Every structure is written in structure tokens, then in C-alpha cells.
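Note sheet for the following structure.
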Amino acid sequence: MSWLSSLFKSAPPPAPPPNIVEIPEELVGRLNRDGQPLSESVVAILRSHFEAEDHPAPASEQIPFWLEREKVGTGDLEDQLRDKVTQRRAAEEQS
């Protein structure tokens with residue numbers, strides 16, 4: 001408690017009621033684009049977000065294997081590069 005509040009005997013601010021969320025004004029404008037009440041817009045967006053998490057994207061929408069990042073291996077980087085060069089040379093010799 002600060003010395004001013006003890007001096008003026010002001011009570012601490014009441015705790016916010018449960019399930020109350022403050023949304024910044026710039027987000028409120030984006031949520032109310034279609035004219036729905038804010039509570040309905042938030043619920044609809046949260047539902048669609050959770051549904052998207054529960055159902056992964058179909059294989060046709062996933063990142064192709066050649067664009068995926070390689071998983072970090074435990075091997076040495078030089079060994080991995082050497083193996084790739086060897087594989088590439090072998091593929092060129094077969095062609």
C-alpha cells in the first residue's frame with residue numbers, strides 16, 4: 001500500500017470479475033467489422049482457432065517436403081555435408 005493511499009485511507013481497487021478480458025481498441029475495430037456484437041465476434045474467432053488446432057491442414061495444404069526445415073541432428077555438420085556431397089556425386093555418376 002502506498003503512503004498516499006494510507007494517508008487518504010482509500011480502498012484498493014476491486015478485483016475484476018472472473019472471465020473479464022480487456023481488448024485493445026485497435027483489435028476491437030477489427031473484430032467488429034461485420035457488425036456483430038463484440039462478444040459474438042470473439043467467441044466465433046476463438047471457436048475457429050480451436051477447430052483449426054484440432055484439425056490439421058490437409059496434405060495438399062502442408063509445406064512440401066523440399067521446403068521444410070531439416071530437423072536438428074546429433075551428427076557433426078561436416079559429416080552431414082560430406083554425406084550430401086557423396087550422395088550428389090553418386091547421383092551424377094548414375095545419370
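The values are calculated or read from the model by the stated rules, or taken from the named source; none is laboratory data. Predicted model, so just to flag it, every value in this text is computed and none were measured. Counting neighbours? That spans all protein chains shown, and the Cβs are built from the backbone with ideal geometry, glycine included.
Structure values in brief
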| quantity | calculated |
| --- | --- |
| Scan of the stretch 51-83 for residues that are surrounded by 10 or more Cβ atoms within 10 Å (Cβ to Cβ), of a type outside the set (Asp, Glu) and modelled with pLDDT of 75 or more, ordered by number | ALA52, GLN80, LEU81, ARG82 |
| Set GLU93, GLU26, GLU40: member being modelled with pLDDT of 85 or more and surrounded by 10 or more Cβ atoms within 10 Å (Cβ to Cβ) | GLU40 |
| Contacts under 6 angstrom Cβ, first residue in the stretch 1-19 being within 30 Å of VAL42 (Cβ to Cβ), partner at pLDDT 70 or above and part of a helix (DSSP H, G or I), 6 or more apart | none |
